[in-house]
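Engineer: Take a look at the following structure, please.
The values are calculated or read from the model by the stated rules, or taken from the named source; none is laboratory data. What you are looking at is a predicted structure, and each value in this text was computed from that prediction instead of being measured. Cβ placement follows ideal geometry from the backbone for every residue including glycine, while neighbour counts extend to all protein chains displayed.
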Amino acid sequence: MIDSIVFYPLDSVSLEPGLNVIACELPSVLYKFVQGLRGEDDDVVLTECDKEVLTAKKVLFVGDCAGVLDYDALFQKAALKKLNDGFNPEELSRLLLLQTEIKSIIQEEIWREDLPLSILDEVDIKSMIAMAKPRVDTSSLGSLYDKIQLVVDTAGALAESRMLVMLHITQYCDNDQLLYLHRELLRHHMQLLDLECCDKKVLLTEGRSEYIDGDYVQFS
């Protein structure tokens, strides 16, 4: 898990498991964090166990849930891997038989049409799973909080190890909802960093909150 985040002229900001909030008075500071956590600014440094780590490997940038979220773009790769790793030998055997049958039908059509095509013989379970087009179920979404909770629930179900990064969630959730999210994150051994732009520290019942004022003074 990420231990800290820093960029000049700030001191290192400690991060913990569960919900973390960094509120910035200056929009420019918020923008710097966003650019760094999207992998677009190398000046923003993340550490894990006192070692610098790559943002691309350690961060899942979700962004602002008030906008359009593509849950499949966020989670489909992890979902396919989770499904692929979860099949038992009997299920794998059934999938392989189905794949063989599909290839046989396609090959017969190639021969019938005398097409200059060939089919790879290699086994590819991932392509079989992708053929079914599994998608994150968004049918129950209503409020902004629902969208945030779905991110956390989906990441937890997929055992996501990267730190989730979102924007302005304390503006979309009441205290009870923030507390629930924090405890769900802890239950799944996950970490979420929320970035805010405001003129005071965000008060949390549980979780870690940091405030950076217009003079770069930090309040934990």
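Engineer: For region 23-55, which residues satisfy the criterion of being of a type in the set (Gly, Ala, Ser) and free of Cβ contacts under 8 Å to residues at least 40 places away in the same chain? Outline the logic, then answer.
Structural biologist: Pass one, region 23-55, residues of a type in the set (Gly, Ala, Ser): 23, 28, 36, 39.
Matches in region 23-55: SER28, GLY36, GLY39.
Engineer: Which number in (1) touching a residue at least 24 places away in the same chain (Cβ under 8 Å); (2) in a loop (DSSP other than H, G, I, E, B); (3) within 17 Å of VAL6 (Cα to Cα) marks the one condition that LEU69 misses?
Structural biologist: (3) is the only condition that LEU69 fails.
Engineer: Kindly indicate the residue of region 16-31 that is buried (at least 21 other Cβ atoms within 10 Å of the Cβ) and over 17 Å from the mean Cα position of the chain (by Cα) and also nearest to LEU192 (Cα to Cα) among those meeting that condition.
Structural biologist: Here is the first cut: in region 16-31, the residues buried (at least 21 other Cβ atoms within 10 Å of the Cβ) are 18-24.
Checking the rest, the ones that are also over 17 Å from the mean Cα position of the chain (by Cα) come to 22-24.
Details: ILE22: 11, ALA23: 14, CYS24: 17 Å.
It comes out as ILE22.
Engineer: Can you tell me which residues in region 177-220 are among the aromatic types (Phe, Trp, Tyr), touching a strand residue (DSSP E or B) at 6+ places or on another chain (Cβ under 6 Å) and surrounded by fewer than 18 Cβ atoms within 10 Å (Cβ to Cβ)? Full working, then the answer.
Structural biologist: In the first step, residues of region 177-220 are kept if they are among the aromatic types (Phe, Trp, Tyr); the result is 180, 211, 216, 219.
Within this subset, residues satisfying the condition of being touching a strand residue (DSSP E or B) at 6+ places or on another chain (Cβ under 6 Å) are 211, 219.
Passing the criteria: only PHE219.
Engineer: Residue by residue through region 118-136, note down the ones that are under 16 Å from the mean Cα position of the chain (by Cα) and surrounded by fewer than 19 Cβ atoms within 10 Å (Cβ to Cβ). Don't jump to the end; show me each part of the working.
Structural biologist: To start, the set of residues in region 118-136 that are under 16 Å from the mean Cα position of the chain (by Cα) comprises 135-136.
Listed by number, the list holds a single entry, ARG135.
Engineer: Another question, then. Quick test for you: out of ILE5, ILE22, pick the one residue that is modelled with pLDDT of 90 or more, assigned to a strand (DSSP E or B), within 20 Å of TYR211 (Cβ to Cβ) and out of contact with any helix residue (DSSP H, G or I) (no Cβ under 7 Å at 6 or more places or on another chain).
Structural biologist: Working: ILE22 fails: out of contact with any helix residue (DSSP H, G or I) (no Cβ under 7 Å at 6 or more places or on another chain).
Going through ILE5, ILE22 in turn, just one is modelled with pLDDT of 90 or more, assigned to a strand (DSSP E or B), within 20 Å of TYR211 (Cβ to Cβ) and out of contact with any helix residue (DSSP H, G or I) (no Cβ under 7 Å at 6 or more places or on another chain): ILE5.
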